[in-house]
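For reference, the structure is listed below as structure tokens.
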Amino acid sequence: MVMASCRMPSASDLAGLDAAVSQSLGRVKDFIEPRLEKALELSPAASPRLLEAMRYVLLAPGKRLRPALVLWASDACYGAENQWENAAAAAVAVEMIHAYSLVHDDLPAMDDDDLRRGRPTCHRAFDEATAILAGDALQALAFETLANQMMAPAWVARGCVVLARAAGAEALVGGQSDDLALERGWIPDISVAPAADQLCWLERIHRRKTGALFLASLQLGGLSAGAQPAGLAKLAAYGHAFGLAFQIADDILDAEGTEASMGKRVGKDAQRGKLTFPTVIGLEASRVRGQSLAREAVAALTEMGDSAGELSRLAEWIVARDH
Ligand code: GRG
């Protein structure tokens with residue numbers, strides 16, 4: 001059962017929600033992590049150091065949210081019938097794109113971070129050139145993995161287009177580029193603009209940088225289950241709201257979380273004077289907006305009933321979590 005459809009969990013619900021979601025994410029991990037390992041069984045033509053770096057990055061302990069969105073979107077469209085095998089290649093591919101983007105984001109040329117998923121970042125554990133190459137190779141391997149999907153070849157070409165768009169200049173890379181442009185003053189300083197304009201910029205960046213891959217994960221899960229346009233539209237409505245809710249929660253955790261609970265450096269946005277939801281609208285308004293987006297995400301799936309239960313719980317949890 002989904003927790004009360006349109007209300008946020010009370011403090012006493014939180015422990016239960018946390019336990020339920022972590023159990024569900026545990027099932028996703030059990031399913032996906034052996035497949036991530038298998039996907040890295042490359043021929044000896046792959047340089048050993050490069051392969052070691054790819055393994056270091058892809059097998060590091062992450063929440064596996066994007067594979068979960070693929071698999072649970074497939075559940076929602078099948079009507080809770082577990083057909084994860086059909087969606088497995090897409091679930092592996094989105095985690096590869098995510099892992100590559102984290103490695104490149106952590107590089108000295110970008111965020112220059114030392115800690116990721118509780119461990120030294122790839123360029124710290126290896127070196128900068130190896131980190132760049134490991135990211136490049138993971139990106140290529142993501143598309144190879146998806147294109148090699150044998151279970152349902154009919155949707156694979158469309159799936160590759162969905163993933164390429166989410167990873168490209170109009171989405172992940174474009175959002176990252178605008179984020180850097182803002183931070184480094186390559187475009188006019190908007191920190192002096194009215195809050196509404198700043199908010200509009202922030203949402204524009206995060207819909208591409210963070211939201212697009214979540215959306216693509218949901219679409220891939222839906223496609224793997226043979227979803228019709230109406231089902232895909234419901235998943236898209238959920239994904240738009242979920243992506244922004246995730247980012248707002250991430251900004252709040254960066255302001256309030258600890259390095260130990262997050263497994264990465266926190267407070268860096270404030271140190272850099274970076275535009276975030278809490279800096280533009282304040283912590284309390286950010287929390288309210290995040291919760292309202294989570295409700296919007298849950299509402300988008302109402303007609304899918306219990307088969308969308310995992311997705312609904314995840315949206316509730318994403319804004320309630322402390323890690
Ligand atoms: C370098 C092309 C390129 C893009 C970088 C993903 C990204 C764009 C930057 C990461 C920086 C960052 C911390 C963004 C906030 C949102 C985010 C993607 C957080 C990490 O995702 P989680 O919480 O991480 O799902 P785990 O480790 O659990 O997989």
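The values are calculated or read from the model by the stated rules, or taken from the named source; none is laboratory data. Computed from a prediction, not measured in an experiment: that's the story for all the values here. With ideal geometry, Cβ positions are generated from the backbone for all residues, glycine too; neighbour counts draw on all protein chains shown. Heavy atoms of the whole protein, side chains included, go into the accessibility calculation; ligands, DNA and RNA do not. Shrake-Rupley method; radii C 1.70, N 1.55, O 1.52, S 1.80 Å.
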Do any chymotrypsin sites (Phe, Trp or Tyr not before Pro) in the range 172-224 lie in a DSSP loop with no more than 10 other beta carbon atoms within 10 Å, and if so, which? 186
Mind pulling up the Rg/Rh value for the range 29-185? Radius of gyration and Kirkwood radius, both on Cα. 0.98
With DSSP loop assignment and no more than 12 other C-beta atoms within 10 Å, the trypsin sites (Lys or Arg not before Pro) in the range 156-209 are 184
Any idea how many Lys pairs in the chain come in under 23 angstrom at the alpha carbon, given 8 or more places apart or on separate chains? 12
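Which whole-number percentage describes the relative contact order of the range 11-318, with Cα contacts under 8 Å and a sequence gap of 6 or more? Please report the intermediate quantities before stating the final value.
Values: 425 pairs, mean separation 67.3, N = 308.
For the range 11-318, the relative contact order is 22 percent.
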Cα centroids of the range 121-144 and the range 274-309: how far apart, whole angstrom? 33 Å
Restricted to Cα positions, what overall size does the range 220-323 have along the principal axes? Three whole-Å values, descending. 46, 26, 20
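Could the peptides 245-253, 224-232 be put in order, highest first, of the mean number of other beta-carbon atoms found within 10 Å of their residues? The partial results should precede the final answer.
Details: 245-253: 22.8, 224-232: 16.8.
For the peptides 245-253, 224-232, the packing ranking is 245-253, 224-232.
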Among all stretches of the chain without exposed GluC sites (Glu not before Pro) (DSSP loop, at most 14 other Cβ atoms within 10 Å), which one is longest? 171-323
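On average, how much accessible surface per residue is there in the range 133-271, in Å², for a 1.4 Å probe, leaving out ligands, DNA and RNA? Mind dumping the intermediate values first?
On the way: 5980 Å² over 139 residues.
Each residue of the range 133-271 exposes 43 Å² on average to a 1.4 Å probe.
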Work from the charge dipole of the chain (Cβ charges, +1 for Lys and Arg, -1 for Asp and Glu, about the Cα centre) and give the residue of 285, 45, 195 farthest towards its positive end. 45
Which of the peptides 87-94, 190-197 is most tightly packed, and how do the rest follow, going by the mean number of other Cβ atoms within 10 Å of each residue? 87-94, 190-197
Under 5 Å between amide hydrogens, which residues at least 5 positions from residue 115 or on another chain qualify, with H placed 1.01 Å from N in the peptide plane? 121, 265
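What is the projected area of the convex hull of the Cα atoms of the chain, averaged over all directions, in nm²? Show your work: numbers first, answer last.
Values: hull surface 62.6 nm².
Taking the Cα atoms of the chain, their convex hull projects to 15.6 nm² on average.
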In cubic angstrom, how much convex hull volume per residue do the alpha carbon atoms of the range 62-145 span? 90 Å³
Taking a ≥ b ≥ c as the square roots of the Cα gyration tensor eigenvalues, with a/c under 1.5 meaning rounded and otherwise prolate when a/b beats b/c or oblate if not, the range 145-229 comes out prolate
With runs of 4+ DSSP H residues as the only contributors, calculate the mean residue ellipticity of the chain at 222 nm using -39,500 (n - 2.57) per run, divided by the residue total and rounded to the nearest 500. -22000 deg cm²/dmol
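Using unit Cβ charges (K, R positive; D, E negative) and no other charged atoms, how large, in debye to the nearest 20, is the dipole of the chain about its Cα centre?
Details: 32 positive and 41 negative charges, 56 e Å.
In debye, rounded to 20, the chain gives about 280.
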